Amino acid sequence: MRSSVGYVWVDSPLHRAPAAAKLVGLLVAVALVVLASSPVELALAAFGVAALVAASRVGWRAALRSLWGLRWFLLVVLCMNALFFSASDPLLSLGPVRLTLAGAAQGARIVARTALVVVLGTLLTATTRPQQLTSGVRDLLRPLARLGVPTEAAALAVGVTVQFVPTLLRESRQLMRAQALRCGPASSGGIMRRAVSYVRLLVPVFVSAFRRADELSVAMEARGYRIDGRPGRPGGENRP
Amino acid sequence: MTHAYAPGRPTLRGVSLDVAPGEFVAVVGENGSGKTTLARHLNALLPLQSGELAVAGIDAGDPTRVWELRRACGMVFQTPENQFVSTLVGEDVAFGPRNFGAGEKDARLAAVRALADVGLAGFERRDVHTLSGGQQQRVALAGVLASDPDVLVLDEATSMIDPQGRDELVRAVLRARSERSTALVWVTHDMELAARADRVVVMRAGAVAAAGVPAEVLSDRALLESAGLEPPLATRVWEGLVRRGAACGPAPVTVEGLVSALCD
């Protein structure tokens, strides 16, 4: 059984770990990945991420699904860096476009870092249910409440956002199907056609998201929520 | 009461309405007739521009009593999934009581009780996205009932759910009404539902075109057509029988009434 937001229902040490610890772990892991620059450091980071995927028992397909969705974006990043990053010692040169080894290496570094961060993020959502995530954010922010930071509002915002993800995903899929029926699938045709298809898709998705957000804010107000008062606290770990 | 979203274009024009404790009032009318604006005023979601409005004895024009009024008057909206603040059913239902000052334990107990009242006992740990539309709307209803309101406003709350979900919601609302003596203001396009009310209010162009018992209001075809509505199914069947000379007398507005009239 799998929830629509990517949680994978298996038992593993990562699934059992507290959400707050996983969030801190994610921040630390992302920092290490971003700081890794040499091939050896990146290989070590990749090994660490692979070990986490194995420990999570979510399966490689689930762990790499988001990455597969970004393959074209990552390819563009790699090409742009390889062709425009450096002007010295070009392997190939065509007007302002210069293919360089330094550029290709820089592109590969960025792609590797991005891919590792994406897999780490996927692992978090695959091993943490949305309500645990909200609860983890609240636990992490709690010390800031003493400084007057509206932590409850922040945790609520995270919870509400997470709550809306499956709805918006479902709506996006419906719009894609509707568009495919009328104009052909967005994933077919040339790059320009695809770009136009995706832009055409984005507009109704955004309109719908804003409409839903507006309706939710009215419903929250009707149920007594006030940002300046005593807000509700959905998402607690041990509540009913 | 009058309300305008833009100057010179009133959405509500001199609406006057009384609802008694425990009474079930159905508000019907075509889109744009002012039903939702009226419903939102009952929950103080819109500022009172002119006129007077008291809900459960609380002055809606007094900004210091807005939250008191919202506790006394709960509102269920059209789209269930646009009302949830948490993926977890129990968390979502406890949201209202917490906002209205209940402690953690009391809010949890209120959520458990309200879920049981709407026929969803034991659903506290369920994910709202795994529920049917009807169950989701009952969760939304429980989220309102958990604050124990004196008045319940439902704004087209059955229009986005299937017939089975609609029946489940109607049963849950009517049970809550009978057990808690909650006054019910149900904005709806569903004439069969309106036929079950104590009183029907017909809105037309921002004003109350008619108000009365369902048997009178919903059998008046001319009135309903002028408000962009049509009579309930039972009334339409009866009209057909009358035209063919197979029936005579006052038209029933419910299927049960139609069956009784035909058997008699």
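The values are calculated or read from the model by the stated rules, or taken from the named source; none is laboratory data. Just so we're clear, the structure is a prediction, and the values are computed from it rather than from any experiment. Here the Cβ is made from the backbone with ideal geometry for all residues, glycine too, and neighbour counts use every protein chain on show.
B:Met75 passes every criterion in (1) in contact with a strand residue (DSSP E or B) (Cβ under 6 Å, 6 or more places away or on another chain); (2) without any contact (Cβ under 8 Å) to a residue 60 or more places away in the chain; (3) at the interface with chain A (Cβ under 10 Å from one of its Cβ atoms) apart from (2). Applying the set (1) free of Cβ contacts under 8 Å to residues at least 12 places away in the same chain; (2) buried (at least 19 other Cβ atoms within 10 Å of the Cβ); (3) of a type in the set (S, T, N, Q) to A:Gln131 leaves exactly one unmet item: (1). Under the condition of being of a type in the set (A, V, I, L, M, F, W, C) and part of a helix (DSSP H, G or I), the residues counted in region B:183-194 number 3.
The residues listed here are B:Arg65, B:Arg98, B:Arg113; of these, the one that is more than 19 Å from the chain's Cα centre (by Cα), among the charged types (D, E, K, R) and more than 12 Å from chain A (Cβ to nearest Cβ) is B:Arg65.
When A:Leu216 is tested against (1) more than 14 Å from chain B (Cβ to nearest Cβ); (2) over 21 Å from the mean Cα position of the chain (by Cα); (3) surrounded by 14 or more Cβ atoms within 10 Å (Cβ to Cβ), exactly one condition is not met: (1). I'd like the full set of residues that are facing chain A (nearest Cβ under 7 Å), in contact (Cβ under 8 Å) with a residue 40 or more places away in the chain and within 19 Å of A:Ala213 (Cβ to Cβ), limited to region B:78-95. Within region B:78-95, B:Thr79, B:Glu81, B:Gln83, B:Phe84, B:Ser86, B:Thr87, B:Asp92, B:Phe95 meet the criteria.
Show the residue pairs meeting these rules: Cβ distance below 6 Å; 6+ apart or different chains; first residue within region A:155-168 and at the interface with chain B (Cβ under 7 Å from one of its Cβ atoms); second residue polar (S, T, N, Q) and in a helix (DSSP H, G or I). Between residues of region A:155-168 that are at the interface with chain B (Cβ under 7 Å from one of its Cβ atoms) and residues that are polar (S, T, N, Q) and in a helix (DSSP H, G or I), the close pairs are A:Gly159/A:Thr134. Scanning region B:1-23 for residues that are assigned to a loop (DSSP other than H, G, I, E, B) and touching a residue at least 12 places away in the same chain (Cβ under 8 Å) yields B:Met1, B:Arg13, B:Gly14, B:Val15, B:Ser16, B:Leu17, B:Val19, B:Ala20, B:Pro21, B:Gly22, B:Glu23. Is there a residue in region A:190-201 that is within 30 Å of A:Leu75 (Cα to Cα), away from chain B (no Cβ under 11 Å) and not in a helix (DSSP H, G or I)? Yes, region A:190-201 has at least one match. Taken as a whole, region B:74-85 holds at least one residue that is more than 18 Å from the chain's Cα centre (by Cα) and modelled with pLDDT under 90.
Restricted to region B:145-182, and to residues there that are in a loop (DSSP other than H, G, I, E, B) and charged (D, E, K, R), the residue that is nearest to B:Ala72 (Cα to Cα) is B:Asp150. For B:Ala140, the test of being more than 19 Å from A:Arg212 (Cα to Cα) and either free of Cβ contacts under 8 Å to residues at least 60 places away in the same chain or within 10 Å of chain A (Cβ to nearest Cβ) (or both) is failed. Across region A:144-158, not a single residue is classified as crowded, with 19+ Cβ neighbours inside 10 Å and not in a helix (DSSP H, G or I).
Does region A:106-119 include one or more residues that are in the same structural domain as A:Val40 (by TED's automatic domain parsing), touching a Cys at 6+ places or on another chain (Cβ under 9 Å) and not in a loop (DSSP other than H, G, I, E, B)? Yes - at least one qualifying residue is present in region A:106-119.
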